Amino acid sequence: MNQAADRSLSYPLPRFTGREHLGLGIPPIAALTKWLLSALVPIALLLSVPDPASSNSMPDVFELYQQSKKRGSYLSPDPEELDIVESLFARMLEGERGEQLAAQWRQLGYRLQRARLNNLVVLALSEDEKKKKGRGFYLFPLEQTGSSLLMIPHRFFDMHTGPIGLKLYAAGSFAGAAWNTVHRHKKSTTGNGFRQDNDNLPNWDLADLEDSYFTALTRAFNRTFPQGHLIQVHGFSREKRNSWEGRDSDVILANGTMTPPQDLIEFADCLKLKMGVMVRVYPHEIRDLGAMENVSARITDNFGNRGFIQMEMSLGLRQDILKSKELNKVITGCMQESWY
C-alpha cells in the first residue's frame with residue numbers, strides 16, 4: 001500500500017473524558033461507532049476503486065500478438081463452426097461481454113481476456129497455445145463505441161502491416177480488429193521457402209478464402225453495422241507495379257468495385273492534404289490493386305454496404321508510420337473526418 005493510502009487510513013482512537021456515563025459527553029458506544037464509521041468509509045472507498053497497478057498483471061497485447069503466430073498449416077473450419085463463430089462475433093460487435101461469451105469461445109479453442117495496449121485496456125481473442133489452427137487474432141474494445149472494423153490479412157507477407165494495425169487500433173475508435181496468424185502461402189515441401197507460383201498448393205490467403213473466421217467476422221460486422229466501414233490494410237511494392245501510377249503511389253485505395261463512394265474519395269483527399277503523400281483511388285486514378293477479387297469486399301457489397309476499403313501502402317510509407325508517433329493518428333483522424 002502506498003504512503004497516501006497509509007495516511008488516509010490513520011485515525012486516532014476516540015478519547016473519553018470519564019464524564020460520558022454522567023450524560024455530560026458523548027456516550028462511549030456512540031463515540032466508538034463514530035470512530036469506526038470514519039475509519040471504515042475510506043477503506044470501502046479504497047476497495048471500490050481499481051488499483052492502477054493492477055493492469056500490470058494483464059498480458060501485453062503485443063506479446064499476445066507475437067504468440068498468436070502459428071507454425072505449419074492452416075486448418076479450415078467446417079460450416080457448422082462458422083455459423084457459431086459468426087454468431088459469437090455478432091454478439092461481441094453488439095457489445096456483449098462476460099463469462100458466458102468467454103466460455104463459448106473456449107469451446108472453440110480461443111481465450112478471451114483483458115490485455116494492455118499502450119494506455120488502453122482491450123479484449124484480446126487468441127487461440128489456445130495447444131489448439132492453434134491459424135484462424136486469426138482479434139481485438140475488441142471493452143465497451144462498444146466505434147462502427148469501423150480493421151483487418152490485416154497478410155501480416156507475414158505485407159511487411160510491417162501487423163504492427164501498423166496495432167498502432168491504428170490504439171489511435172482510433174474501432175468496433176474490432178483482426179490479424180491473420182499463418183502465412184498466406186503454404187511452405188514448400190522442398191524446404192526452399194514459400195512457393196507462390198504453384199496453383200496446386202493450398203491458398204491460405206484470408207483476403208481470398210471463402211470460408212474462414214475472417215469471412216464470418218465480415219458477415220457479422222455487416223449485419224451489425226449495415227453502413228459501417230471495413231478497412232483492410234495491405235502493403236505493395238512499387239518496383240513490382242507495371243504502371244507508372246503504381247510506381248509513383250504511396251497509397252492506393254479501392255472498394256472492390258468500379259464506382260468508389262464519395263466517403264472513400266474524401267478519405268483519399270484528407271490523406272493527401274494531411275500526410276503530403278501520393279494517394280490514388282481505383283479505378284479513376286490507377287488501374288492497379290482494385291480489390292476486385294477480395295472476398296470481404298464482395299461480401300460487404302452483397303450486403304448493400306459500400307463501406308469496404310482496401311488501403312494499400314508502399315514500403316516507404318509503412319516504414320514511416322512505424323517510426324512516427326503521429327502518422328497513425330493522422331490516418332485514423334482522416335477516417336473520422338471522412339465517414340462520421
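Structure values in brief
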read-out: Virtual spin-label span in nm between Asn119 and Glu96, 7 Å along Cα→Cβ; value: 3.3 nm
read-out: Computed label-point distance, nm, for sites Met58 and Gln104 using a 7 Å Cα→Cβ extension; value: 2.3 nm
read-out: When the convex hull of its Cα atoms is projected in every direction, mean area for segment 229-306 (nm²); value: 5.1 nm²
read-out: Net lengthening on full extension, Glu326/Leu142 (0.36 nm per residue, minus Cα-Cα); value: 63.8 nm
read-out: Relative contact order (%) - criterion: Cα under 8 Å, at least six apart; region: segment 61-339; value: 19 percent
read-out: Distance violations [Cα-Cα > 24 Å] among Lys69/Lys167; Lys70/Lys167; Lys240/Lys274; Lys133/Lys240; value: Lys240/Lys274; Lys133/Lys240
read-out: Assigned charges on the beta-carbon of Lys, Arg, Asp, Glu; segment 61-339 dipole about Cα centre (debye); value: 980 debye
read-out: At R0 = 56 Å, FRET efficiency that the Cβ-Cβ distance of Asp83 and Val277 yields, to 0.05; value: 0.85
read-out: Förster-model FRET efficiency, 51 Å R0, Asn203 and Glu337, C-beta, rounded to 0.05; value: 0.90
read-out: When segment 61-339 is reduced to its Cα atoms, the Kirkwood hydrodynamic radius in Å; value: 19.0 Å
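Any read-out appearing in this document is the output of simple, stated calculations on the displayed coordinates, not a laboratory observation. Predicted model only: the values in this text are computed from it and were never measured. FYI the Cβ positions are ideal-geometry reconstructions off the backbone, even for glycines, and counts take in every protein chain you see.
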